[in-house]
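Worksheet: one structure, shown below.
Please treat every number below as a calculation from the coordinates, not as lab data. None of the values given here were measured: they were computed from a predicted structure. When we count neighbours, we look across all protein chains shown, and the Cβ atoms used for this are built from the backbone with ideal geometry, even at glycine.
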Amino acid sequence: MAGYSGTKEDHLGRLRRIEGQVRGISRMVEEDVYCIDVLTQIAAATKALQAVGLGLLQEHMSHCVLHAAQTDPQEGQDKIDEAYRAIARLVRS
């Protein structure tokens, strides 16, 4: 079971709103909206995706990583390493 299963609908709702934001950005480009206004909307969509990612990461840490660490030290370390790599990808993006 995924660590986010209890908040799945919340995440899906946020992702649907982000999807709408991205469609809106496409319309802005189609309509030749001022560049800075488009960039502002891109920044907002990016921040919204980052917020979803951070929420998923927090749930992963408190569910999957914690469970693995309580079950088996090596599995726990593997999950910590995996989470570290995920954090590094989020920071680079």
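Some values worked out for this structure:
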| quantity | calculated |
| --- | --- |
| Subset of segment 11-57 that is among the charged types (D, E, K, R) and in contact (Cβ under 8 Å) with a residue 24 or more places away in the chain - its residue that is nearest to Ile87 (Cα to Cα) | Arg14 |
| Members of segment 32-81 that are over 24 Å from Arg14 (Cα atoms) and basic (Lys, Arg) | Lys79 |
| Members of segment 58-81 found to be over 18 Å from Ser5 (Cβ atoms) and in contact (Cβ under 8 Å) with a residue 12 or more places away in the chain, listed by number | Ile80 |
